[in-house]
Amino acid sequence: MALPLHEYKPTTQNQRVRSFGTADLNDDTPYLYRLENANSSSEIEALIWAAYRQVFNEQEILQFNRQIALETQLKNRSITVRDFIRGLAKSERFYQLIVAANNNYRLVEMCLKRLLGRSPYNREEEIAWSIQIATRGWGGFVDALIDSQEYEQAFGDNTVPYQRKRMSTDRPFSFTPRYGADYRDNKGIVQTSWVHHTEWYGFLNPSPYPQKADWRAISAVIVGLSGAIALLVVLNWFVNTSVL
């Protein structure tokens, strides 16, 4: 049986003011993608890719991750943007990339950022939503976020979610790696850096981003190949000498 959402309170006064969680009215205000403003095929395509960027994040925008059936329904106006976001978050590709690679606490953090456009208020909120994952399952958790009053007030049916509040010292949510330290350590993945973005890649794992070379591993491969070649040369000389 699904448990009701555990009550929690914001821990700072900043989170209690009315403007918290809404885009600042200045030059940094994000462009809002709304279905009612998409009057051409190029505008609807731009909205669709904005949704992919928000849900799948910058690192996972690949042709392989596209959900063609959902895109077609949205283009035909048979579903809302809210249902399109719901479908992306419940898709098998999202589950494989994000859900399977994270613990419940980190899933809460990432989904609050991607689906509600804000960071968790505190640890109590992370615990409260992680209980929803454990009792409702992944699909029930996604529904609870997207059907919430907060989502309704912030985005409604036809606006693509966006990062609603960003302090000057915060990094954009799009720079958040798709899995955390526990998954990285279990898989033996090494850390590499790219400009201002930090991501985690395995050695020789194909990536669309430039990454620093692991010279220790490369040197080991070169030494191993050199030894194998030398052994083959010696064996070839020995065989030829024996025949003669």
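Taking other residues whose beta carbon is less than 10 angstrom from the beta carbon of Leu112, and scoring Lys, Arg as +1 and Asp, Glu as -1, yields -1.
In terms of other Cβ atoms within 10 Å, Arg77, Arg164 run from fewest to most in the order Arg77, Arg164. Here the Karplus relation 6.51 cos²θ - 1.76 cosθ + 1.60, evaluated at θ = phi - 60°, turns the backbone of region 226-239 into coupling constants of 4, x, 5, 5, 4, 5, 5, 5, 5, 5, 5, 5, 5, 5 Hz, with x for every Gly and Pro.
Residue exposure proxy: Glu109, Glu45, Glu36, ordered by other Cβ atoms within 10 angstrom of their Cβ from fewest to most, comes out as Glu36, Glu45, Glu109. Whole-Hz Karplus values for region 125-132 come out as 5, 4, 5, 4, 6, 5, 5, 5 Hz, taken residue by residue from phi with 6.51 cos²θ - 1.76 cosθ + 1.60 and θ = phi - 60°; glycine and proline positions read x.
Sorting Lys90, Lys75, Lys113 from the fewest to the most surrounding beta carbons within 10 angstrom yields Lys75, Lys90, Lys113.
Assuming 0.36 nm per residue, please report the length gained on full extension of the stretch Thr241 to Gln96 beyond their Cα-Cα distance.
Details: separation 145, 0.36 × 145 = 52.20 nm, distance 5.67 nm.
46.5 nm is the gain from fully extending Thr241 to Gln96.
Per-residue Karplus couplings for region 117-122, computed as 6.51 cos²θ - 1.76 cosθ + 1.60 with θ equal to phi - 60°, are listed in order as x, 8, 7, x, 5, 6 Hz, Gly and Pro entered as x. Modelled spin-label separation between Asp143 and Asn39, with each label point placed 7 Å from Cα along the Cα-to-Cβ direction: 3.7 nm.
Readers should treat all values here as calculations from the given coordinates under stated rules, not as data from a laboratory. What you see is a predicted model, and the numbers here were worked out from it, not measured in a lab. In this analysis, Cβ positions are derived from the backbone assuming ideal geometry, glycine residues included, and neighbour counts consider all displayed protein chains.
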